[in-house]
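First the structure, in the form of C-alpha cells, and then the observations on it.
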Amino acid sequence: MIKETPVFFKSDGLNIFGVVHDSSTVTHNKAMVFCHSFAEEKLWSHRVLVSYARLLAKMGYLCIRFDYRGYGDSQGEFSDCTIESYADDIKNAVIYIKTTFPKIQEIGLIGHRLGASIVLDRYDYISANGPIILWDPIIDGNRYIQEFLRSHLTTQLAVYGEIRETREKLIESMESGKLVNVEGYDLNYSQYDSISKIMLNKQHYDSGASILIVQINRNLKIKKDVEDLAYRANSELKCVVEDPFWREIKKFYYEAPELYKATTDWLKELQ
C-alpha cells in the first residue's frame with residue numbers, strides 16, 4: 001500500500017509544501033526528490049511526476065514531490081524566485097528527508113526541464129548523494145527564457161491583434177524594476193537574468209554521481225547539444241518517444257510509459 005502524506009518544511013524561513021510517497025510494506029533506504037519544471041510547464045507535467053513518484057514508491061523508494069516557493073501551496077511570491085532560491089528549496093527538501101527519515105542512506109534527484117538544469121548545475125550545493133535523473137534538461141537558459149517571452153507576444157496578437165511590446169521592451173521593463181506578466185506569471189529581472197545565464201554546455205561536471213539524461217522527443221533523433229551535455233556530465237543518455245506533456249496539448253498525460261521504462265530500467269541496473 002502506498003501512503004501519500006502532505007508535509008511542510010522550511011526553506012529560508014518559508015513554508016514549502018510537499019507530498020511524501022512511501023510504501024508501508026517496504027523498509028526504505030533510498031529516497032528520490034522530485035524537482036519540477038518552470039511556470040506553466042509545471043502545471044501540465046504535474047500528473048506525470050505524481051504517477052512516477054507512485055511507481056517508484058512501489059519499487060521501494062521514498063519519494064518527495066514539493067512546490068518551489070511561489071508555486072502551489074508553498075509560501076512566497078513567484079516574482080521573487082531565482083535559480084538560486086529554487087536550488088535552496090531543493091537542498092532543504094534533501095535536508096528534510098535526512099532529518100525526518102534517518103534510515104535513508106541514499107537520496108537521489110529527479111529533475112524535469114528547468115528543474116533538471118538546476119539539479120545538475122547545483123548538485124554539489126544541494127548535497128544529495130544518490131543518482132541524478134535529468135528529464136529533458138534545459139541546456140541553453142537564454143534561448144529558453146526568450147521562448148517564454150515569445151509566448152507573451154502571441155498573447156498580445158490574440159488579445160490586441162498586434163504586438164504592442166516587443167521582447168526588447170519587455171526586458172527593458174524588467175530592467176527598470178517592473179514586473180512582466182507572462183502566461184499569468186509575474187517575471188522580474190533577477191529571475192529572468194538567473195535563467196538566461198544557464199549554459200550547461202560551457203563546463204564539465206564531476207559530481208561522482210551516476211547520471212541519466214533522457215531526451216524526450218516525438219522521434220528517436222538525439223540532438224547534438226544533448227549529446228554534448230551527456231559527454232560533459234559523463235552520463236548515460238537515452239531518448240524516448242513521448243509527446244511534450246509539459247505543454248498544453250490535445251492528449252492529457254496521466255503517465256509517460258516510455259519515459260518511465262527508460263528511467264526505471266536504468267535505476268534497476270544501478271542496484
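Every number in this text was worked out from the coordinates using simple rules, so none of it is lab data. Here the structure is a predicted model, which means the values were calculated and not measured. Methodologically, a virtual Cβ is constructed for each residue, glycine included, from the backbone with ideal geometry; neighbour enumeration extends over all protein chains shown.
For residue 202, list the aspartates and glutamates whose Cα falls under 18 Å from its own Cα; do not include residues on the same chain fewer than 8 positions away.
Here the aspartates and glutamates satisfying the reach criterion relative to residue 202 are 121, 124, 136, 140, 193, 225, 227, 228.
What translational D, rounded to a whole number of µm²/s, comes out for region 166-271 from Stokes-Einstein when the hydrodynamic radius is the Kirkwood one over Cα pairs, at 37 °C and 0.692 mPa s? Please list the in-between numbers first.
Numbers: Rh = 16.9 Å.
Result for D is 194 µm²/s.
Which shape class applies to region 141-197: rounded if a/c is under 1.5, otherwise prolate when a/b exceeds b/c and oblate if not, where a ≥ b ≥ c are the square roots of the Cα gyration tensor eigenvalues?
Details: a/c = 1.99, a/b = 1.55, b/c = 1.28.
Prolate is the answer for region 141-197, as a/c is 1.5 or above and a/b outweighs b/c.
Between the DSSP loop rule and a limit of at most 14 other Cβ atoms within 10 Å, which GluC sites (Glu not before Pro) in region 65-136 are left? Don't skip to the answer; put the middle values down first.
Values: sites: 77, 84, 106; in loops: 77.
Sites meeting the loop and neighbour criteria: 77.
Could you name the lysines whose alpha carbon sits less than 22 Å from that of residue 91, not counting residues in the same chain fewer than 8 places away?
The reachable lysines, counting only those whose Cα sits under 22 Å from residue 91, are 10, 30, 42, 103, 197.
With the contact rule set at Cα under 8 Å and sequence spacing of 6 or more, what percent relative contact order holds for region 141-197?
Working: 48 pairs, mean separation 22.9, N = 57.
It rounds to 40 percent for region 141-197.
Using Cβ contacts closer than 10 Å as the measure, can you line up 247, 232 from fewest to most? Could the numbers behind the result be given before it?
Values: 247 10, 232 16.
If I rank by nearby Cβ atoms, fewest first, I get 247, 232.
Based on the Cα gyration tensor of the chain, what are the three equivalent ellipsoid semi-axes, each the root of five times an eigenvalue, rounded to whole Å and given largest first?
Working: eigenvalues 184, 90, 66 Å².
Semi-axis lengths for the chain are 30, 21, 18 Å.
How long are the semi-axes of the equivalent ellipsoid of region 33-73, defined as square roots of 5 times the Cα gyration tensor eigenvalues? Whole Å, largest first. Before the final figure, lay out each step's value.
Working: eigenvalues 82, 24, 8 Å².
Values for region 33-73, descending: 20, 11, 6 Å.
At most 15 other Cβ atoms within 10 Å plus a DSSP loop assignment makes a site exposed; report the longest stretch of the chain without any exposed chymotrypsin sites (Phe, Trp or Tyr not before Pro).
Answer from the scan: 1-251.
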